[in-house]
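Report on the structure given below.
Where a number appears in this text, it was derived from the coordinates with a stated rule and is not lab data. Everything numeric in this text was worked out from a predicted model, so none of it was measured. As a convention, Cβ positions derive from the backbone with ideal geometry for all residues, glycine included, and neighbour counts pool all protein chains shown.
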There are 2 protein chains.
Amino acid sequence: MKNLGILLFPNFELLDVCGPAEMFGVVPEHFKLVTVAQQRGLVASTQGIEVMAQYSTEDCPALDILMVPGGMGTRTEVDNRTLLSWLAERSAQVQLILSVCTGALLLAKAGLLDNRNATSNKRAWELTAIHGPDVRWVTEARWVDDGNLVTSSGVSAGIDMALHVIERYAGEAVAEKVANRTEYKWNRDPNWDPFAMINGLT
Amino acid sequence: MKNLGILLFPNFELLDVCGPAEMFGVVPEHFKLVTVAQQRGLVASTQGIEVMAQYSTEDCPALDILMVPGGMGTRTEVDNRTLLSWLAERSAQVQLILSVCTGALLLAKAGLLDNRNATSNKRAWELTAIHGPDVRWVTEARWVDDGNLVTSSGVSAGIDMALHVIERYAGEAVAEKVANRTEYKWNRDPNWDPFAMINGLT
């Protein structure tokens, strides 16, 4: 059973958090979810729905997996040195780091993606060069698995990435069970990415 | 701009709420989201993520659209007469009633689906006959649009239904924009439903 910590910050993108959380949360025998923010308490998504951060970064328990969502709030958090330091420190302690959407920008700014393969949201692609000049950004990808680091493309792509991570930890049959239970059509090809073209990147 | 109220109850299914909320929340010029539960405060999903109910059923503002999610909690709420009465009362006042997954069972139990076309989760299909004997249940459907009532199949199907509702209110171009912004592959065919077969219903 893996402790999976999900970072929250003001103006996070709701589905970046709740898409993967649904998938991981359907198999509690494999993953225990905890939410963490700089301060414990309610954190508002850009969509207006407020989610509880059960822990502060100060009192967050030991994690096996750390997931960083994206959203408009990343534009502020890229300058939050306290949070970036915490990300760098915790990332060194976990076995797997995940990001969804522009969450990759926070990992990049924390120096965690240098010389690594990673992807991010396709609508805000220009930010990848600004915040991660030394990252090997993959333009066309639903998600990128680089060992102890798995980054996904925008918003919904986090759901496909989560199923991939479930497959890594618990096998294909379990991942398929999760997709079927949630009546989700899993996009299983990490290279499937029509949104790169839609956003003029290919 | 439509006021869209999302009902929460203990053990709601996280993505039933947050999938549609993401889609509607991306176009705040068309939809204003509010969350409501029997009591104001934090409500825990089955997946462990806690979401804030901003209003109680007592002080909930006037709504244009009411959305009822599903989840394990519906097995308890089908016997919650206070909540079912509120659902019946509010449903008479709104222009559109939505359900995701087993949320349809609560609408059925409140008498709102009698002689109407509706669908629900495919894994828990046996509950449809128990709680809605007089409903015209549609076995194979991603969602069913019956005018002022739109019901979706399980969990992820709510996302496709939400895009359909966005299309109804704001047009196809806006719905497509939302799907592209969230990098979501919209399943646009209401009759597309492989999960009916997977669950032995066809």
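Could you calculate the FRET efficiency of B:Lys185 with B:Ala129 from 1/(1 + (r/R0)^6), where r is the beta carbon distance between them and R0 is 35 Å, rounded to 0.05?
0.60
Kindly state, to the nearest 0.05, the FRET efficiency for A:Asp145 paired with B:Glu140, given R0 = 41 Å and r defined as their beta-carbon distance.
Details: r = 35 Å, r/R0 = 0.86.
Efficiency for this residue pair is about 0.70.
On a full-extension model of 0.36 nm per residue, what is the gain between B:Thr76 and B:Asn115, subtracting their alpha-carbon distance, rounded to one decimal in nm? Write out the running numbers ahead of the final one.
Working: separation 39, 0.36 × 39 = 14.04 nm, distance 2.42 nm.
Length gained, B:Thr76 through B:Asn115: 11.6 nm.
Near B:Leu112, within a Cβ-to-Cβ distance under 15 Å, what is the net charge of the other residues, with Lys and Arg +1 and Asp and Glu -1? All intermediate terms of the calculation are to be shown ahead of the outcome.
On the way: positive: B:Arg81, B:Arg90, B:Lys109, B:Arg116, B:Arg136; negative: B:Glu77, B:Glu89, B:Asp114, B:Asp134, B:Asp146.
Spelling it out: positives minus negatives among the neighbours equals 0.
B:Arg116's amide H: which non-local residues (gap 5+, or another chain) put their own amide H closer than 5 Å, with H modeled 1.01 Å from N in plane and none for Pro or chain starts?
Counting only residues 5 or more places away or on other chains, the set is B:Arg136.
Report the label-to-label distance for A:Gln93 and A:Glu176 in nanometres (one decimal), using points 7 Å from each Cα along the Cα→Cβ vector.
With each label placed 7 Å out from Cα toward Cβ, I get 3.8 nm.
Taking other Cβ within 10 Å of each residue's Cβ, how do A:Glu13, B:Glu29 sort, fewest first?
So the residues, fewest neighbours to most, are B:Glu29, A:Glu13.
Please give me the summed charge of the neighbours of B:Met197: other residues whose Cβ is under 10 Å from its Cβ, Lys and Arg +1, Asp and Glu -1.
Details: positive: B:Lys122; negative: B:Glu140, B:Asp193.
Its environment carries a net charge of -1.
Please build a GNM for chain A, connecting alpha carbons under 10 Å apart, and tell me which residue among A:Pro20, A:Pro69, A:Pro190 fluctuates the most.
In the Gaussian network model the winner is A:Pro190.
List the lysines whose Cα lies under 25 Å from the Cα of B:Lys122, skipping any in the same chain that are fewer than 8 positions away.
A:Lys177, A:Lys185, B:Lys109, B:Lys185
Less than 14 Å Cβ to Cβ from B:Gly41, Lys/Arg counted +1 and Asp/Glu -1: what total charge do the surrounding residues give?
-3
Does chain A come out rounded, prolate or oblate, given a ≥ b ≥ c as the square roots of the eigenvalues of its C-alpha gyration tensor, rounded meaning a/c under 1.5 and, failing that, prolate meaning a/b above b/c? Intermediate values should be presented prior to the final figure.
Numbers: a/c = 1.38, a/b = 1.01, b/c = 1.37.
Rounded shape, in that the Cα axes give a/c under 1.5.
For segment B:2-198, what relative contact order do you get, as a whole percent, if you take Cα pairs closer than 8 Å and at least 6 residues apart?
Dividing the mean separation by the residue count of segment B:2-198 yields 20 percent.
Which single residue of chain A puts its beta carbon nearest to the axis of rotation relating A to B, and what distance, in whole Å, does that give?
It is A:Cys18, 2, counting Cβ atoms only.
Is it possible to state the helix-based mean residue ellipticity at 222 nm for the protein assembly as shown, with each DSSP H run of 4+ residues giving -39500 (n - 2.57), the sum divided by total residues, to the nearest 500 deg cm²/dmol? What is it?
-9500 deg cm²/dmol
For chain B, modelled as a GNM with alpha-carbon contacts under 10 angstrom, which of B:Ala129, B:Ala141, B:Ala104 fluctuates the most?
B:Ala129
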